[in-house]
Amino acid sequence: MSTRLRIVNHSELDSQWNWLATAMQSDAGLEWQHVTSKRESPAMPLVGPTWRRVAAAREAVARTLDAPQAMLVSHGPRPAMYAALAGGQALNERFHLAFSFNFTHLPHGLRRRVMAKAFQRVHRFTVSSTLERELYARVFDIDPARIDMLHWSVQPYDGATLAPVVPEKGYICAVGSQARDYAVLLDAMRLMPQHRLHLVATPENLAGLSIPGNVTVHTGVSFDFCAALVKHARVMALPLQGVEVPCGHVTAVMAMHLGTPIVATDSVGLHDYLRHGESGLLCTPREPQALRHELLQLLEDADLAARLARAAQHFAQVYCIEQRAIEYARGLIDHYVD
């Protein structure tokens, strides 16, 4: 590709993060820049998060419009909204991608209407499940043809480098905060006191919940800690709040890559990743007895657990790798530049 293209990543992530810049550094003619609302502004040290988001959006748009050819990639719906509003009609001349377009809780009322209007100015959206394509098309009046489903794509951990982080062996683990139903998981653990659960969650996830004696809670731990906890678990539990929850992909893919079998709520949002009895076990939501039954199946049947884990790992190694995101980005770039 001889034409020089500037790719402006616009996010709420750490300033050192660069999306695919390192992985695609061999692609000639690409200039990568990153603008984040997480960066404090020396000129406005007391500015709140909303104004930092507005400032980041304006800067990202300015950098996009300042280049002969440029692509703006907003990571997440909120940066996409701010950038679309900041750019207005001028941004129509530049390709604007909303990547990792995901909501834990859908907006309502005025916020939804503002977002829906702003998203009409975004050229394409990338989601991690078929459910999300249908859901967001309906909620925000987006043409489904503008929404691409791309499996959650990561550079997997080398499991051999992850040492155990807790003394117990044979434990169940659960990791994550978005749309989790930890009340049902804790009730399931009360029904199986001979087994231990290590749970990584936020205080908000556990507000008002009573923790059984066979559950250890970890808060404020690193991503590496979570990966090691999952790697050395017998089973990972992924309890979600309902059957149409567009969450859980990040944690599921981590466990799939690490070869840890999964018991999850039977949510449509996970059907692009897990199949009951083939690559995981799925159970009805909000039923502790059902969750207990599936967990015990894997804890008591090592052959079944190993078979499901192998199938899930193979799927992740084919579809949930960084190379798929690179191929997707290259396709968009080639189409845009041409």
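The values are calculated or read from the model by the stated rules, or taken from the named source; none is laboratory data. These numbers come from a predicted model, not from an experiment. Cβ sites come from the backbone with ideal geometry, for glycine too, and all protein chains shown count toward neighbours. To get the accessible areas, we keep the full protein, side chains included, count just its heavy atoms, and leave off ligands, DNA and RNA. Shrake-Rupley method; radii C 1.70, N 1.55, O 1.52, S 1.80 Å.
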* **Selection of GluC sites (Glu not before Pro), the stretch 254-338, meeting DSSP coil and at most 16 other Cβ within 10 Å** => GLU278
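On average over all directions, what projected area in square nanometres does the stretch 101-250 have, based on the convex hull of its Cα atoms? Kindly include the intermediate steps, with their values, before the conclusion.
Details: hull surface 43.2 nm².
Average of the hull's projected areas for the stretch 101-250 equals 10.8 nm².
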* Asked: Where only protein heavy atoms count, and the probe is 1.4 Å, what is the accessible area per residue for the stretch 2-110 in Å²?
  -> 49 Å²
* Per residue of the chain, what 222 nm ellipticity follows from adding -39500 (n - 2.57) for every DSSP H run with n ≥ 4, rounded to the nearest 500? -> -11500 deg cm²/dmol
* By how many degrees, 0 to 90 and rounded to 10, does the Cα axis of helix 322-337 deviate from the longest principal axis of the chain? -> 20 degrees
* Shape box of the stretch 144-228 [Cα atoms, principal axes, largest first, Å] -> 48, 34, 23
* To do: Distance between Cα centroids, the stretch 264-338 to the stretch 156-171: provide it in whole Å.
  => 20 Å
* **Under the Debye formula (equal points on every Cα, no solvent term), log10 I(q)/I(0) of the stretch 1-130 at q = 0.10, 0.11 Å⁻¹** => -0.31, -0.38
* Where labels lie 7 Å past Cα in the beta-carbon direction, separation of GLU287 and VAL318 in nm -> 3.1 nm
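Pull up the DSSP beta bridges for the stretch 180-338 and report the antiparallel fraction as a percent, rounded to 5.
Details: 1 of 12 bridges.
Just about 10 percent of them are antiparallel.
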* **Charge context of ASP14, other residues only, Cβ under 10 angstrom, K/R +1, D/E -1** => +1
* Compare the peptides 311-320, 123-132 by average per-residue count of other Cβ atoms within 10 angstrom and give them in order, highest first. => 123-132, 311-320
* To do: Based solely on C-alpha atoms, express the radius of gyration and the Dmax of the chain in angstrom.
  => 21.2, 65
* Asked: Stokes-Einstein at 25 °C, 0.890 mPa s, Kirkwood radius from Cα pairs: D for the stretch 185-338 in µm² s⁻¹?
  -> 148 µm²/s
* To do: Can you tell me which of 74-84, 59-69 comes out highest on packing, and rank the rest after it, using the mean Cβ neighbours within 10 Å?
  => 74-84, 59-69
* Asked: On a 0 to 90 degree scale, rounded to 10, what angle separates helix 249-258 from the longest Cα axis of the chain?
  -> 60 degrees
